[in-house]
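The structure appears below as structure tokens.
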Amino acid sequence: MPSSIPEDETGFDRVLRFTIPQRNARGRVVRLSPVLDLIQGAHAYPPAIRHLLAEALVVTALIGSLLKDGEGQLTMQAQTEDGVVDLLVCDYRGGELRGYVRHDAERLAALGTNPSLYALFGRGYLAITFDVATTGQRYQGIVPLEGDSLGAACEAYFAQSEQVPTLIRIATRSEGGHCVAGGLLLQHLAEGEEGRERLHVRLDHPEWEHVAALAGSIRHEELIDPDLSLEALVWRLFHDEAEVRVEAGRPLERGCRCSVEHYTSVIAQFPDTDRADMRNEAGLVVVDCAFCSRLFEIPA
Ligand SMILES: [Zn+2]
């Protein structure tokens, strides 16, 4: 008998974790909206960049919530030499999300309304970094930014850097200035949740082929349908499985770690001559947080 999946109100800005024990599979589903408005509201991004950032924040929430609560930070960074977008950074720590995109507005305008990932970035790289606070260890993998979406690039990261078969689906929609985005991540851990050293990715494992086919049947509209709860979504995909365990993840919120103390310590690392150049007439260094656009006046 399938385990009962509790009824729950449709949750925006939260993650649902699930496992399918008999298939050695684990997954996450997430749906974001108010938190996107908050993060994107700090910048006047054009639609294509809002769309890209929404997609990036969904991926960041999906991958970040693979960390146990309070365990550390996940940072996703896409970078190019001379792309229209030359930098995209998002991170997740303990349910807090933040992110920003640096782009060339003039070149972006020339791309039309729905530019491809390649049109936005050109040749670039995607770096995924797990900083595990509890052990002080840092794991970083870097893969070429390829495929037709950030989700596809992240699938490549898991296959190449972690040898974990992974499926990621993302949907975004903008309505009257608001953005709704949802995503699903599914992974196969043949040796169980903790796993062990993996030398090859077996994408042809029958367990994985089975659950990947079920998860892959999800439709764009289902990911962002506010009338379909995350629990109901998981149930719809996997109701024929012997057992599906679900666990509510923590609520997601915008979190920025900028502070006077942070920028004071950053500025203190510059040589005296550089700090003199940075100071304004009042003797303050004005810093604009790239993530949340807050202005700081730092005595230097
Ligand atoms: Zn900030």
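The values are calculated or read from the model by the stated rules, or taken from the named source; none is laboratory data. Given the structure is predicted, the values throughout are model-derived calculations rather than measurements. When we count neighbours, we look across all protein chains shown, and the Cβ atoms used for this are built from the backbone with ideal geometry, even at glycine. In case anyone asks, the SASA skips ligands and DNA or RNA and just uses the protein heavy atoms, side chains included. Shrake-Rupley method; radii C 1.70, N 1.55, O 1.52, S 1.80 Å.
Structure notes:
- Where segment 119-266 is the region considered: accessible area per residue in Å², 1.4 Å probe: 52
- Qualifying GluC sites (Glu not before Pro) in segment 197-300, DSSP loop, other Cβ atoms within 10 Å at most 10: 197, 281
- Partnerless cysteines in the chain, where a partner means another cysteine C-beta under 4.7 angstrom, comprise 90, 154, 179.
- Loop-resident sites, segment 41-109, for GluC sites (Glu not before Pro), counting at most 14 other Cβ within 10 Å (DSSP): 81
- Candidates 18, 249, 293 compared by Cα position along the dipole of the chain: farthest toward the positive end lies 293, with charges placed on Cβ.
- Couplings 3J(HN,Hα) of segment 238-248, computed from phi: 10, 5, 8, 6, 4, 8, 10, 9, 10, 8, 5 Hz, in residue order, whole Hz [Karplus 6.51 cos²θ - 1.76 cosθ + 1.60, θ = phi - 60°; x for Gly and Pro].
- Within the listed set 225, 272, 37, the residue fluctuating most in the Gaussian network model of the chain (springs between alpha-carbon atoms under 10 angstrom) is 272.
- Hz values of 3J(HN,Hα) by residue in segment 128-141 - Karplus curve (6.51, -1.76, 1.60), Gly and Pro given as x: 10, 10, 9, 9, 9, 5, 5, 10, x, 8, 10, 10, 10, x
- Couplings 3J(HN,Hα) for segment 23-31, derived from phi with the Karplus relation 6.51 cos²θ - 1.76 cosθ + 1.60 (θ = phi - 60°), are 10, 6, 10, 9, x, 9, 10, 8, 9 Hz, where x marks Gly and Pro.
- Sequence-distant residues sharing a close amide H with residue 250 (under 5 Å, placed H): 15
- Surface accessible to a 1.4 Å probe, per residue, for the residues of segment 1-100, Å²: 35
- Once backbone amide H atoms are built at 1.01 Å from N, residue 244 has 3 as its partners under 5 Å, excluding neighbours fewer than 5 places away on the same chain.
- A Förster radius of 30 Å, combined with the Cβ-Cβ distance separating residue 245 from residue 125, puts the computed FRET efficiency at roughly 0.25.
- Expressed as a whole percent, the accessible area of the chain that falls on carbon and sulfur atoms is 49 (1.4 Å probe).
- Largest GNM mean-square fluctuation across 27, 182, 122, computed for the chain with C-alpha springs under 10 Å, falls on 122.
- In a DSSP loop and with at most 11 other Cβ atoms within 10 Å, the trypsin sites (Lys or Arg not before Pro) in segment 53-109 are 68.
- Unit charges on C-beta of K, R, D, E only; dipole of segment 50-171, Debye: 160
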